[in-house]
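Report on the structure given below.
A short reminder: the numbers here are calculations on the coordinates, not readings from a lab. All of these numbers come straight from a predicted model, not from anything done at the bench. No Cβ is skipped: glycine too gets one built from the backbone with ideal geometry, and neighbour counts run over all protein chains shown.
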Amino acid sequence: MSLESDIKSFVKSLDLELYDISTVSEFDETIYRISVVSNEIEDGKRKPVSLDSCAELSRLISPLLDVTPPVSGDYRLEVSSPGIERKLKNLHHYELSIGENVQLGFASRDKLKGKLLKVEDSKVTVLADGKEEVVDFGEISKGKTYFEW
């Protein structure tokens, strides 16, 4: 098994879903970042991930990373939710963001803002200005969720 699949197993054991794994460098420090979302849906949106769930997942994963380090050298493990406003990098991110507000950018046209309704195959459906807009994932140059204050 790969490190990512082992991590996914721990994530699923806490009834969470793996959103992303990344290695970043911030202020001369290497951070191995694991982002998770809840599997629980409430009012059409995913419930927030609790701090206790992130701490428990960190405790579960740490021994695994001691045996199979994700990077060479020193690093810090960070387990958290991806945040209320986040980049959507792949189709799976869109699937995990159904019910949320999204802003999509295209090379060929203006931005599209609205509520993400569904993802089927490579089609993304957004409710914008009262009508459903269906776009192909391949047309999206960048996407993100946003929170309306």
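Going toward the positive end of the dipole of the chain, with +1 on Lys and Arg Cβ and -1 on Asp and Glu Cβ, which of Pro82, Ser35, Ile98 do you reach last? Final value for the positive-end residue is Ile98. Please build a GNM for the chain, connecting alpha carbons under 10 Å apart, and tell me which residue among Ala128, Ala55, Ala107 fluctuates the most. Looking only at Ala128, Ala55, Ala107, the biggest GNM fluctuation is shown by Ala107.
In the elastic network of the chain, a GNM with C-alpha springs shorter than 10 Å, the most mobile of Ile34, Ile98, Ile84 is Ile84.
Length, then width, then depth: along the principal axes, the Cα atoms of the range 59-149 run 51, 28, 21 Å.
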